[in-house]
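What follows is one structure encoded as structure tokens, with my remarks underneath.
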């Protein structure tokens with residue numbers, strides 16, 4: 001652990017904190033309507049509504065909102081599946097890439113439409129330029145916009161009085177794309193190109209090596225895909241090595257930009273929540289809870305990776321720099337630990353080092369970050385509605401302890417909200433643990449493992465955790481490009497996204513219909529450190545009780561075995 005590493009972490013934390021308030025205000029003004037950018041571009045927005053046959057003045061109930069969202073997802077999956085299956089007949093395929101197999105195409109389509117970006121393939125050796133742009137990039141924009149739209153719908157549920165509507169899905173989707181995602185991507189892409197990230201339609205280059213052999217150097221429209229991949233929470237890499245590839249991440253500045261883009265929208269939405277609720281302190285309380293969970297996880301990972309690997313103690317190796325296996329020297333322990341924590345604390349999944357090579361204790365924290373349901377910043381929108389679900393559970397538990405009806409932002413939290421909240425929080429663990437249990441015993445699942453013992457189980461558990469948490473990163477030792485894993489991981493991704501969003505929209509609808517109750521002397525303040533502590537404790541307890549047995553069988557067992565000198 002070096003002062004340079006801590007300085008890098010401090011600079012990142014300062015920049016993220018500084019952007020929360022201005023970006024949160026910008027999102028509220030322009031997505032809710034009335035901001036300068038929205039007013040200037042309103043003719044374009046209105047033309048898009050007319051082209052799509054959308055009435056922007058028509059408000060939707062939570063059922064209508066959910067049905068529009070479901071149809072949008074199903075059409076997106078079908079369109080992306082068709083592109084991947086037909087890419088060998090489509091233009092912009094200079095390397096003559098073949099069509100994907102049906103199971104891999106289905107896995108990839110579900111992955112990017114659900115904002116997961118799980119990749120069982122190498123992008124530069126599998127996808128055409130058109131598949132990357134019209135397929136993956138379009139869905140990266142759309143999946144992020146959907147997440148933000150759902151978060152805004154839930155906020156309206158808390159802030160509207162006796163209303164039967166929570167907004168218009170098509171308006172939210174359009175404004176989020178036009179005024180939030182596109183402007184940020186244009187600026188970031190230009191910076192990335194200036195730093196040397198390729199942006200070209202030229203065929204792959206061919207170079208002659210020193211030995212006289214021919215080497216193909218992959219190129220393509222990398223910059224535009226990379227910025228929306230990290231900004232949207234999708235994280236999918238143009239290259240198989242993702243952000244460890246020098247074309248995706250050539251300089252220190254590009255690395256910092258990518259880490260910032262992963263977090264910016266997620267943290268800013270906490271301020272948007274506070275502004276729409278009429279008191280920014282509510283948003284800062286959510287941000288504080290996210291920051292505490294993030295800081296604890298980062299400290300454990302950085303400390304673990306800075307230590308020598310006991311399994312290599314008998315070899316004549318200099319381990320004074322810590323565990324460098326699977327990491328680039330140009331990034332070092334500090335940035336690798338920071339990037340990995342950011343990746344798993346969000347729903348992004350981009351990597352600049354191999355998580356499979358991290359120490360067991362670090363692997364445990366990486367999985368735990370994902371297992372708490374995208375509440376440590378999470379993806380754009382999904383992080384906010386994820387932590388609001390835990391806030392509902394926290395105030396419900398507090399209400400039971402003090403013997404009064406729980407309330408949050410003046411809305412009484414009753415049985416229907418608690419039932420839907422628990423359904424949303426239990427669906428991802430059910431998919432993760434259920435499918436992982438099946439994969440651990442059936443031959444099709446076990447055959448994909450390249451390691452025995454606890455680490456093999458960790459690889460399997462990480463895969464389904466990543467899919468169910470819509471993250472997309474992986475312990476790369478698992479051979480997941482097989483029909484069994486492609487289809488079961490697609491099921492986990494579908495459950496982790498849509499079986500959470502539908503109950504969230506139901507909660508938004510029921511809350512919007514309620515009156516706001518004035519605060520009294522018995523009302524629990526939901527903006528102080530007491531509430532922050534209660535919220536953090538709820539997240540840790542619920543996540544710990546749900547996943548501790550599985551973690552004990554995997555990374556925890558591997559950690560203690562390694563300390564005892566046992567290597568599998």
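Scanning for something free of Cβ contacts under 8 Å to residues at least 12 places away in the same chain and either within 27 Å of residue 76 (Cα to Cα) or in contact with a strand residue (DSSP E or B) (Cβ under 7 Å, 6 or more places away or on another chain) (or both), does the range 189-207 turn up at least one residue?
yes
What's the total number of residues in the range 412-425 that are assigned to a helix (DSSP H, G or I) and either in contact (Cβ under 8 Å) with a residue 24 or more places away in the chain or buried (at least 21 other Cβ atoms within 10 Å of the Cβ) (or both)?
Of the range 412-425, the ones assigned to a helix (DSSP H, G or I) are 415-425.
Add one more test, that the residue is either in contact (Cβ under 8 Å) with a residue 24 or more places away in the chain or buried (at least 21 other Cβ atoms within 10 Å of the Cβ) (or both), and what stays is 416-418, 420-425.
Residues meeting the conditions: 9.
Determine which single condition residue 227 fails, assuming it passes every other condition in (1) over 28 Å from residue 42 (Cα atoms); (2) free of Cβ contacts under 8 Å to residues at least 60 places away in the same chain; (3) buried (at least 19 other Cβ atoms within 10 Å of the Cβ).
(1)
Answer yes or no: is there a residue in the range 227-235 that is within 20 Å of the chain's Cα centre (by Cα) and more than 30 Å from residue 39 (Cα to Cα).
Narrowing the range 227-235 to residues within 20 Å of the chain's Cα centre (by Cα): 227-235.
Going one step further and asking which of them are more than 30 Å from residue 39 (Cα to Cα), we end up with 235.
Yes: the range 227-235 contains one or more residues that are within 20 Å of the chain's Cα centre (by Cα) and more than 30 Å from residue 39 (Cα to Cα).
Please enumerate the residues belonging to the range 434-461 that are in contact with a helix residue (DSSP H, G or I) (Cβ under 6 Å, 6 or more places away or on another chain), assigned to a helix (DSSP H, G or I) and surrounded by 16 or more Cβ atoms within 10 Å (Cβ to Cβ).
Within the range 434-461, 435, 436, 439, 445, 454, 455, 457, 458, 460, 461 meet the criteria.
Out of the residues in the range 5-56 meeting the condition of being touching a helix residue (DSSP H, G or I) at 6+ places or on another chain (Cβ under 9 Å) and assigned to a loop (DSSP other than H, G, I, E, B), tell me which one is surrounded by the fewest Cβ atoms within 10 Å (Cβ to Cβ).
Looking at the filtered set, the residue picked out is 55.
What about residue 190, is it modelled with pLDDT of 95 or more, assigned to a helix (DSSP H, G or I) and within 24 Å of the chain's Cα centre (by Cα)? Spell out the reasoning first.
On the way: modelled with pLDDT of 95 or more: yes; assigned to a helix (DSSP H, G or I): yes; within 24 Å of the chain's Cα centre (by Cα): yes.
Yes: the conditions hold for residue 190.
Looking only at residues that are in a loop (DSSP other than H, G, I, E, B) and modelled with pLDDT of 85 or more in the range 498-519, which one is surrounded by the most Cβ atoms within 10 Å (Cβ to Cβ)? Reasoning before the result, please.
Just the residues of the range 498-519 that are in a loop (DSSP other than H, G, I, E, B), to begin with: 513-519.
From the residues that got through so far, the ones that are modelled with pLDDT of 85 or more too are 513-516.
Details: 513: 18, 514: 20, 515: 10, 516: 16.
Ranking the qualifying residues of the range 498-519, first place goes to 514.
Taking the range 520-568 only, how many residues are part of a helix (DSSP H, G or I) and farther than 30 Å from residue 279 by Cβ? Steps first, answer last, please.
Narrowing the range 520-568 to residues part of a helix (DSSP H, G or I): 529-563.
This time we only want the ones that are farther than 30 Å from residue 279 by Cβ, so: 544-563.
Residues that pass the stated criteria total 20.
For the range 100-123, indicate whether the set of residues that are touching a helix residue (DSSP H, G or I) at 6+ places or on another chain (Cβ under 7 Å), on the phi > 0 side of the Ramachandran plot and modelled with pLDDT under 95 is non-empty.
The answer is yes; a qualifying residue exists.
Here is a list: 152, 178, 136. Which entry is part of a helix (DSSP H, G or I), within 24 Å of residue 270 (Cα to Cα) and under 20 Å from the mean Cα position of the chain (by Cα)? Let's see the steps before the verdict.
Numbers: 178 fails: under 20 Å from the mean Cα position of the chain (by Cα); 136 fails: within 24 Å of residue 270 (Cα to Cα).
One residue alone meets the criteria, 152.
So, of the residues in the range 90-99 that are touching a helix residue (DSSP H, G or I) at 6+ places or on another chain (Cβ under 8 Å) and touching a residue at least 12 places away in the same chain (Cβ under 8 Å), which turns out to be farthest from residue 498 (Cα to Cα)? Reasoning before the result, please.
Step one: filter the range 90-99 for residues touching a helix residue (DSSP H, G or I) at 6+ places or on another chain (Cβ under 8 Å), giving 90-94, 96-99.
Narrowing further to those that are touching a residue at least 12 places away in the same chain (Cβ under 8 Å): 90-94, 97, 99.
On the way: 90: 31, 91: 33, 92: 32, 93: 33, 94: 36, 97: 32, 99: 28 Å.
Per the stated criteria, the residue is 94.
Give me the residue from the range 474-497 that is under 19 Å from the mean Cα position of the chain (by Cα) and either modelled with pLDDT under 90 or over 26 Å from residue 262 (Cα atoms) (or both) and, out of that set, surrounded by the fewest Cβ atoms within 10 Å (Cβ to Cβ). Can you show your working first?
Filtering the range 474-497 down to residues under 19 Å from the mean Cα position of the chain (by Cα) leaves 474-476, 489-497.
Cutting the leftovers down to either modelled with pLDDT under 90 or over 26 Å from residue 262 (Cα atoms) (or both) gives us 474-476.
Numbers: 474: 22, 475: 28, 476: 17.
Per the criteria, the residue is 476.
Would the range 364-386 turn up any residue that is more than 21 Å from the chain's Cα centre (by Cα) and either farther than 26 Å from residue 474 by Cβ or not in a loop (DSSP other than H, G, I, E, B) (or both)? Quick ask: steps written out before the conclusion?
First pass over the range 364-386, keeping only residues more than 21 Å from the chain's Cα centre (by Cα): none.
There is no residue in the range 364-386 that is more than 21 Å from the chain's Cα centre (by Cα) and either farther than 26 Å from residue 474 by Cβ or not in a loop (DSSP other than H, G, I, E, B) (or both).
Do we have any residue at all in the range 308-323 that's within 28 Å of the chain's Cα centre (by Cα), within 19 Å of residue 469 (Cα to Cα) and part of a loop (DSSP other than H, G, I, E, B)?
No: zero hits.
So which of 154, 178, 136 is surrounded by fewer than 21 Cβ atoms within 10 Å (Cβ to Cβ) and out of contact with any strand residue (DSSP E or B) (no Cβ under 9 Å at 6 or more places or on another chain)? I'd like the intermediate steps shown before the answer.
Working: 154 fails: surrounded by fewer than 21 Cβ atoms within 10 Å (Cβ to Cβ); 136 fails: surrounded by fewer than 21 Cβ atoms within 10 Å (Cβ to Cβ).
Being surrounded by fewer than 21 Cβ atoms within 10 Å (Cβ to Cβ) and out of contact with any strand residue (DSSP E or B) (no Cβ under 9 Å at 6 or more places or on another chain) holds for just one of 154, 178, 136, which is 178.
In a loop (DSSP other than H, G, I, E, B) and over 18 Å from residue 379 (Cα atoms): does that describe residue 484? Before you say what the answer is, go through the steps one by one.
Numbers: in a loop (DSSP other than H, G, I, E, B): no; over 18 Å from residue 379 (Cα atoms): yes.
The answer is no for residue 484.
Quick grid of which residues meet (1) buried (at least 22 other Cβ atoms within 10 Å of the Cβ); (2) modelled with pLDDT under 95; (3) over 30 Å from residue 161 (Cβ atoms):
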residue: 263; (1), (2), (3): yes, yes, yes
residue: 277; (1), (2), (3): no, yes, no
residue: 281; (1), (2), (3): no, yes, no
residue: 303; (1), (2), (3): no, yes, yes
residue: 306; (1), (2), (3): no, yes, yes
residue: 309; (1), (2), (3): no, yes, yes
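The values are calculated or read from the model by the stated rules, or taken from the named source; none is laboratory data. Since we're looking at a predicted model, the values are computed, not measured. So basically every Cβ, Gly included, is an ideal-geometry build from the backbone, and we count neighbours across all protein chains shown.
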